[in-house]
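As structure tokens, the structure follows; a few thoughts come after it.
Please treat every number below as a calculation from the coordinates, not as lab data. All figures in this text were calculated on a predicted structure; none of them were measured in a lab. Quick reminder, even Gly has a Cβ in these numbers, built from the backbone with ideal geometry, and neighbours come from all protein chains shown.
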Amino acid sequence: MRFLRRRGVLCRTCALAVFRQMQADTLLQGWWGPLSVVITPVTLLVNLGARSAIRRIPAPVAAGPRPPLDPGKPVFKRPAGVLALIPLSLLGLAVLAVPVLMVVGLLVGPGGGEHPTLTVGSCARNDGDWSHEDLRPVDCGSAEAEFRVLAPDSGSCQAGDYIADPEYSEDGDLPLCLRPLNG
């Protein structure tokens, strides 16, 4: 990583040529370092202040001792500017991803990753295995019903009952008993 600054007495045309070349070089070469991914966009924005200062330089009225530099194409019409659109787009997507994910999180709410609630007396089915249970409430009259949800008697379930994780209960603390419906 290096920072370059060009100083000198320049006419507007020469200053624009130097600005465009340095900005294009920054766009092409400025991304290749761990800190540069953060520093390059800041540098590009700071350089826009120099561009605004260049616009305030009066146009040359008389020919100088040598001809002015050719300012060339605008920065984003140069190959370096076109290639720079890739990291700039990725950076823009990363910056946009944060508020988008925050909005999605607000819309989904804190219950987005929670288990469905099972109530005592209802029925449920397990769509997972018991090491990764995935209990879903179902209608007790349906063929999908596998278990009747019961409250534990004096803190424990009867023999043959399964124990649901406490997250499935209404208060999130009480483990529920799951009695198989077929036997």
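For this structure, a couple of remarks:
- Overall form of region 117-174 per C-alpha gyration tensor (a/c, 1.5; a/b vs b/c): rounded
- Distant-in-sequence amide H partners of Leu181 (H built 1.01 Å from N, under 5 Å): Phe147, Arg148
- Whole-Å distance, taken between Cα centres, linking region 134-150 and region 75-94: 55 Å
- Rounded to the nearest 500, the helix-only mean residue ellipticity at 222 nm of the chain stands at -13000 deg cm²/dmol, with each DSSP H run of n ≥ 4 adding -39,500 (n - 2.57).
- Placing unit charges on the Cβ atoms of the charged side chains and taking the dipole of region 75-157 about its Cα centre, the candidate lying farthest along the positive direction among Ala143, Val82, Val120 is Val82.
- Dipole check for region 73-179: with +1 at the C-beta of Lys and Arg, -1 at the C-beta of Asp and Glu, and the Cα centre as origin, the magnitude is about 1320 Debye.
- Peptides 4-13, 61-70 ranked from most to least packed, by the mean per-residue count of other Cβ atoms within 10 Å: 4-13, 61-70.
- Dipole of region 23-133, positive end: most advanced residue of Ser52, Pro99, Gly64 [Cβ charges, Cα centre]: Gly64
- Ordering of 93-101, 17-25 by packing [mean C-beta count within 10 Å, highest first]: 17-25, 93-101
- Put a plus charge on the Cβ of each Lys and Arg, a minus charge on the Cβ of each Asp and Glu, and nothing anywhere else: the dipole of the chain about its Cα centre is then about 3420 debye.
- Answer label, with Cα Rg over 2.2 N^0.38 Å calculated from the coordinates and candidates (1) 1.23; (2) 2.10; (3) 0.98: (2)
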